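Below: the structure, in C-alpha coordinates.
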Amino acid sequence: MLNGKHLVVVMPAYNAAQTLKQTWDEIPHDYVDDVILVDDCSVDTTVEVAENLGITTIIQAANRGYGANQKRCYKEALRLGADVIIMLHPDYQYSPRLILTMATLVLSGHYDVALGSRILGGHSLSNGMPFYKYFSNRVLTLIQNLSLGAKLSEYHTGYRAFSREVLETLPLEENSDDFVFDNEMLLQCLFFNFQIGEISCPTRYFPTSSNISFRRSVKYGFGVLITTSRYLVSKYLNVNVAIFNQNGRRLNKD
(Lines give C-alpha, C1' and ligand atoms only; values in the text may rest on other atoms or scores of the structure.)
Protein backbone atom coordinates (compact mmCIF):
# COMPACT_ATOMS: atom_id res chain seq x y z
CA MET A 1 0.00 0.00 0.00
CA LEU A 2 0.95 3.64 -0.45
CA ASN A 3 -0.48 6.14 2.04
CA GLY A 4 -2.99 3.49 3.06
CA LYS A 5 -4.31 3.13 -0.49
CA HIS A 6 -4.60 -0.09 -2.47
CA LEU A 7 -2.33 -0.05 -5.54
CA VAL A 8 -2.93 -2.47 -8.40
CA VAL A 9 -0.74 -2.80 -11.49
CA VAL A 10 -2.45 -4.24 -14.57
CA MET A 11 -0.59 -5.60 -17.57
CA PRO A 12 -2.36 -6.22 -20.89
CA ALA A 13 -0.18 -8.90 -22.45
CA TYR A 14 0.39 -10.49 -25.83
CA ASN A 15 3.57 -12.45 -26.53
CA ALA A 16 5.51 -10.85 -23.67
CA ALA A 17 7.42 -13.92 -22.48
CA GLN A 18 10.88 -12.49 -23.22
CA THR A 19 10.43 -9.27 -21.27
CA LEU A 20 7.89 -10.09 -18.58
CA LYS A 21 10.35 -11.11 -15.85
CA GLN A 22 12.48 -8.01 -16.39
CA THR A 23 9.37 -5.87 -16.11
CA TRP A 24 8.19 -7.75 -13.01
CA ASP A 25 11.58 -7.45 -11.27
CA GLU A 26 11.47 -3.63 -11.40
CA ILE A 27 7.96 -3.25 -9.99
CA PRO A 28 8.14 -1.80 -6.42
CA HIS A 29 6.49 -4.80 -4.77
CA ASP A 30 6.79 -3.33 -1.26
CA TYR A 31 4.07 -0.84 -2.24
CA VAL A 32 2.09 -2.57 -5.02
CA ASP A 33 -0.62 -4.77 -3.53
CA ASP A 34 -1.63 -6.76 -6.61
CA VAL A 35 -0.38 -7.35 -10.14
CA ILE A 36 -2.85 -8.62 -12.73
CA LEU A 37 -1.85 -9.87 -16.17
CA VAL A 38 -4.51 -10.44 -18.81
CA ASP A 39 -3.20 -12.57 -21.65
CA ASP A 40 -4.78 -12.09 -25.07
CA CYS A 41 -4.14 -15.62 -26.34
CA SER A 42 -0.38 -15.31 -26.69
CA VAL A 43 1.33 -17.88 -28.89
CA ASP A 44 4.50 -17.88 -26.77
CA THR A 45 5.01 -18.82 -23.11
CA THR A 46 3.71 -15.59 -21.56
CA VAL A 47 1.16 -17.40 -19.39
CA GLU A 48 3.72 -19.94 -18.15
CA VAL A 49 6.23 -17.21 -17.25
CA ALA A 50 3.54 -15.15 -15.50
CA GLU A 51 2.32 -18.09 -13.43
CA ASN A 52 5.88 -19.04 -12.47
CA LEU A 53 6.40 -15.50 -11.21
CA GLY A 54 3.24 -15.73 -9.12
CA ILE A 55 1.35 -13.10 -11.11
CA THR A 56 -2.44 -13.28 -11.05
CA THR A 57 -3.05 -14.37 -14.64
CA ILE A 58 -6.28 -14.20 -16.60
CA ILE A 59 -6.47 -15.79 -20.05
CA GLN A 60 -8.86 -14.33 -22.60
CA ALA A 61 -10.93 -17.01 -24.33
CA ALA A 62 -10.01 -15.49 -27.71
CA ASN A 63 -7.75 -12.75 -29.03
CA ARG A 64 -10.14 -9.83 -28.62
CA GLY A 65 -7.74 -6.91 -29.02
CA TYR A 66 -5.78 -4.42 -26.94
CA GLY A 67 -8.81 -2.38 -25.90
CA ALA A 68 -10.80 -5.41 -24.82
CA ASN A 69 -7.78 -6.59 -22.84
CA GLN A 70 -7.63 -3.29 -20.93
CA LYS A 71 -11.34 -3.43 -20.16
CA ARG A 72 -10.79 -6.81 -18.51
CA CYS A 73 -7.72 -5.50 -16.67
CA TYR A 74 -9.59 -2.56 -15.18
CA LYS A 75 -12.65 -4.60 -14.29
CA GLU A 76 -10.50 -7.06 -12.34
CA ALA A 77 -8.61 -4.24 -10.59
CA LEU A 78 -11.87 -2.68 -9.44
CA ARG A 79 -13.07 -6.07 -8.24
CA LEU A 80 -9.97 -6.32 -6.03
CA GLY A 81 -10.76 -2.97 -4.44
CA ALA A 82 -8.02 -0.90 -6.08
CA ASP A 83 -7.79 2.79 -5.16
CA VAL A 84 -5.14 3.51 -7.80
CA ILE A 85 -4.68 1.46 -10.95
CA ILE A 86 -1.47 1.63 -13.00
CA MET A 87 -1.45 0.25 -16.53
CA LEU A 88 2.03 -1.04 -17.41
CA HIS A 89 2.98 -2.83 -20.62
CA PRO A 90 4.90 -6.06 -19.90
CA ASP A 91 7.22 -5.53 -22.88
CA TYR A 92 9.65 -3.45 -20.75
CA GLN A 93 9.20 -0.41 -22.98
CA TYR A 94 8.17 1.82 -20.05
CA SER A 95 10.09 1.95 -16.75
CA PRO A 96 8.31 0.14 -13.89
CA ARG A 97 10.48 2.14 -11.46
CA LEU A 98 8.19 5.13 -12.03
CA ILE A 99 5.09 3.36 -10.71
CA LEU A 100 5.30 5.08 -7.31
CA THR A 101 5.70 8.49 -8.92
CA MET A 102 2.66 7.86 -11.10
CA ALA A 103 0.62 6.65 -8.13
CA THR A 104 1.72 9.60 -5.99
CA LEU A 105 0.47 12.07 -8.58
CA VAL A 106 -2.97 10.49 -8.35
CA LEU A 107 -2.91 10.21 -4.56
CA SER A 108 -1.84 13.86 -4.21
CA GLY A 109 -5.40 14.91 -4.88
CA HIS A 110 -4.23 17.25 -7.64
CA TYR A 111 -4.69 14.74 -10.45
CA ASP A 112 -7.11 11.96 -11.29
CA VAL A 113 -4.95 10.58 -14.10
CA ALA A 114 -1.16 10.39 -14.50
CA LEU A 115 0.60 9.80 -17.82
CA GLY A 116 4.16 8.66 -18.42
CA SER A 117 5.15 10.85 -21.37
CA ARG A 118 7.76 9.72 -23.88
CA ILE A 119 7.99 13.26 -25.25
CA LEU A 120 8.70 15.42 -22.18
CA GLY A 121 12.27 14.18 -21.73
CA GLY A 122 13.19 15.04 -25.31
CA HIS A 123 14.96 11.74 -26.02
CA SER A 124 12.28 9.79 -27.88
CA LEU A 125 14.21 9.48 -31.14
CA SER A 126 17.56 8.77 -29.48
CA ASN A 127 15.85 6.06 -27.42
CA GLY A 128 14.77 4.36 -30.62
CA MET A 129 11.28 5.60 -31.40
CA PRO A 130 10.79 5.18 -35.17
CA PHE A 131 10.69 8.57 -36.88
CA TYR A 132 7.28 7.97 -38.47
CA LYS A 133 5.85 7.21 -35.03
CA TYR A 134 7.44 10.32 -33.53
CA PHE A 135 6.24 12.52 -36.40
CA SER A 136 2.68 11.19 -36.31
CA ASN A 137 2.64 11.49 -32.50
CA ARG A 138 3.59 15.16 -32.68
CA VAL A 139 1.12 15.97 -35.47
CA LEU A 140 -1.80 14.17 -33.84
CA THR A 141 -1.00 15.67 -30.45
CA LEU A 142 -0.91 19.17 -31.95
CA ILE A 143 -4.26 18.62 -33.65
CA GLN A 144 -5.86 17.32 -30.46
CA ASN A 145 -4.44 20.05 -28.24
CA LEU A 146 -5.73 22.73 -30.60
CA SER A 147 -9.10 21.03 -31.02
CA LEU A 148 -9.70 20.17 -27.37
CA GLY A 149 -8.12 23.18 -25.70
CA ALA A 150 -5.72 20.97 -23.73
CA LYS A 151 -1.94 21.10 -23.32
CA LEU A 152 -0.74 17.51 -23.06
CA SER A 153 2.70 16.57 -24.35
CA GLU A 154 1.23 13.43 -25.95
CA TYR A 155 -2.02 11.51 -26.14
CA HIS A 156 -0.55 8.15 -27.13
CA THR A 157 1.50 6.84 -24.23
CA GLY A 158 0.65 3.39 -22.93
CA TYR A 159 1.82 4.14 -19.38
CA ARG A 160 -1.07 5.45 -17.28
CA ALA A 161 -2.38 5.63 -13.73
CA PHE A 162 -6.01 6.21 -12.76
CA SER A 163 -7.99 6.79 -9.61
CA ARG A 164 -10.80 4.37 -8.88
CA GLU A 165 -13.31 7.15 -9.48
CA VAL A 166 -12.10 7.56 -13.07
CA LEU A 167 -12.61 3.90 -13.93
CA GLU A 168 -16.01 3.83 -12.24
CA THR A 169 -17.15 6.94 -14.13
CA LEU A 170 -16.00 6.44 -17.72
CA PRO A 171 -18.28 4.35 -19.98
CA LEU A 172 -15.30 2.24 -21.10
CA GLU A 173 -17.44 -0.61 -22.36
CA GLU A 174 -18.59 1.71 -25.15
CA ASN A 175 -15.00 2.08 -26.39
CA SER A 176 -13.25 0.23 -29.18
CA ASP A 177 -11.63 -3.15 -28.53
CA ASP A 178 -8.70 -2.07 -30.74
CA PHE A 179 -5.71 0.24 -30.17
CA VAL A 180 -7.73 3.46 -30.44
CA PHE A 181 -9.19 2.53 -27.02
CA ASP A 182 -6.27 4.42 -25.44
CA ASN A 183 -7.14 7.66 -27.18
CA GLU A 184 -10.86 7.29 -26.57
CA MET A 185 -10.20 6.79 -22.87
CA LEU A 186 -8.01 9.87 -22.59
CA LEU A 187 -10.56 12.05 -24.38
CA GLN A 188 -13.24 10.70 -22.07
CA CYS A 189 -11.11 11.86 -19.12
CA LEU A 190 -10.97 15.35 -20.61
CA PHE A 191 -14.69 15.33 -21.47
CA PHE A 192 -15.67 14.43 -17.90
CA ASN A 193 -13.27 17.06 -16.50
CA PHE A 194 -10.79 14.77 -14.78
CA GLN A 195 -7.43 16.38 -14.06
CA ILE A 196 -4.47 14.90 -15.95
CA GLY A 197 -0.83 15.15 -14.86
CA GLU A 198 2.28 14.04 -16.74
CA ILE A 199 5.80 12.92 -15.88
CA SER A 200 8.73 12.28 -18.18
CA CYS A 201 9.26 8.57 -18.82
CA PRO A 202 12.26 7.14 -20.71
CA THR A 203 11.22 4.39 -23.10
CA ARG A 204 13.01 1.59 -24.88
CA TYR A 205 12.46 0.24 -28.37
CA PHE A 206 13.73 -3.17 -29.37
CA PRO A 207 12.43 -6.15 -31.39
CA THR A 208 10.49 -7.60 -28.45
CA SER A 209 8.55 -4.38 -27.85
CA SER A 210 4.85 -4.60 -28.69
CA ASN A 211 4.90 -2.08 -31.52
CA ILE A 212 2.05 -2.03 -34.01
CA SER A 213 2.73 -2.16 -37.74
CA PHE A 214 2.76 0.88 -40.02
CA ARG A 215 -0.63 -0.16 -41.45
CA ARG A 216 -2.15 -0.46 -37.99
CA SER A 217 -0.56 2.88 -37.05
CA VAL A 218 -2.31 4.55 -39.98
CA LYS A 219 -5.61 2.99 -38.91
CA TYR A 220 -4.98 4.23 -35.36
CA GLY A 221 -4.26 7.74 -36.65
CA PHE A 222 -7.58 7.91 -38.49
CA GLY A 223 -9.27 6.56 -35.36
CA VAL A 224 -7.75 9.40 -33.33
CA LEU A 225 -9.14 11.99 -35.77
CA ILE A 226 -12.58 10.36 -35.69
CA THR A 227 -12.54 10.28 -31.88
CA THR A 228 -11.61 13.97 -31.81
CA SER A 229 -14.53 14.78 -34.12
CA ARG A 230 -16.91 12.77 -31.94
CA TYR A 231 -15.68 14.65 -28.86
CA LEU A 232 -16.32 18.01 -30.53
CA VAL A 233 -19.83 17.22 -31.77
CA SER A 234 -20.77 15.77 -28.40
CA LYS A 235 -19.42 18.68 -26.37
CA TYR A 236 -20.37 21.61 -28.56
CA LEU A 237 -23.34 20.37 -30.61
CA ASN A 238 -24.90 18.21 -27.86
CA VAL A 239 -24.95 15.17 -30.14
CA ASN A 240 -25.42 11.96 -28.18
CA VAL A 241 -22.18 9.99 -28.63
CA ALA A 242 -22.06 6.77 -26.61
CA ILE A 243 -18.44 7.05 -25.44
CA PHE A 244 -19.13 10.53 -24.03
CA ASN A 245 -22.45 9.69 -22.41
CA GLN A 246 -22.34 9.19 -18.64
CA ASN A 247 -25.27 6.80 -18.91
CA GLY A 248 -23.22 4.49 -21.13
CA ARG A 249 -22.02 1.03 -20.14
CA ARG A 250 -19.41 0.98 -17.39
CA LEU A 251 -16.96 -1.63 -16.21
CA ASN A 252 -18.61 -2.13 -12.84
CA LYS A 253 -21.94 -2.97 -14.46
CA ASP A 254 -22.60 -6.44 -15.85
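Descriptive notes on the structure:
- Computed 3J(HN,Hα) for region 163-179, one whole-Hz value per residue from the Karplus formula 6.51 cos²θ - 1.76 cosθ + 1.60 where θ = phi - 60°, is 6, 4, 4, 4, 5, 7, 9, 5, x, 5, 5, 7, 7, 4, 8, 9, 5, glycine and proline marked x.
- Rounded if a/c under 1.5, otherwise prolate or oblate - region 66-122, Cα gyration tensor axes: oblate
- For L2, nonlocal amide neighbours, meaning residues 5 or more places apart or on other chains whose placed amide H falls under 5 Å from its own, are L7.
- Cut-off under 5 Å, modelled amide H: who pairs with I36 long-range: V9, V10, M11
- Long-range HN-HN contacts of Y159 with modeled amide H, under 5 Å: G116
- For the chain, the per residue solvent-accessible surface stands at 44 Å², with DNA, RNA and ligands left out and a 1.4 Å probe.
- For region 36-97, a crude dipole built from +1 on the beta carbon of Lys and Arg and -1 on the beta carbon of Asp and Glu, taken about the Cα centre, is about 320 debye to the nearest 20.
- The chain: relative contact order as a whole-number percent, Cα under 8 Å and 6+ apart: 23
- Extreme residue, positive dipole direction of the chain, given options S153, L170, V139 (C-beta unit charges): V139
- Sulfur and carbon atoms: percent of accessible area, region 121-254 [1.4 Å]: 56
- Global geometry of the chain, whether rounded, prolate or oblate, following the gyration tensor of its Cα atoms and the 1.5 cut on a/c: rounded
- Helix-only [θ]222 nm of the chain, DSSP H runs n ≥ 4, -39500 (n - 2.57) each, per residue, nearest 500: -11500 deg cm²/dmol
- Shape call, region 1-142: gyration tensor on alpha carbons, a/c limit 1.5: oblate
- What the phi angles of region 6-22 give under the Karplus curve with 6.51, -1.76 and 1.60, with θ = phi - 60°, is a coupling list of 7, 9, 10, 9, 10, 10, x, 10, 8, 6, 10, 4, 6, 10, 4, 5, 4 Hz, glycine and proline written as x.
- Here region 138-198 and region 1-23 have alpha carbon centers that stand 21 Å from each other.
- For region 23-36, Karplus couplings with θ = phi - 60° (6.51, -1.76, 1.60), whole Hz, Gly/Pro x: 5, 4, 4, 9, 6, x, 5, 5, 10, 7, 7, 9, 10, 10
- Centre separation in Å (Cα based) which lies between region 212-254 and region 35-64: 28
The values are calculated or read from the model by the stated rules, or taken from the named source; none is laboratory data. Just so it is clear, the model here is predicted, and its values are computed rather than measured. All Cβ positions, glycine included, derive from the backbone under ideal geometry; neighbour counts span all protein chains shown. Remember, those area values only see protein heavy atoms, side chains included, never the ligands or the DNA or RNA. Shrake-Rupley method; radii C 1.70, N 1.55, O 1.52, S 1.80 Å.
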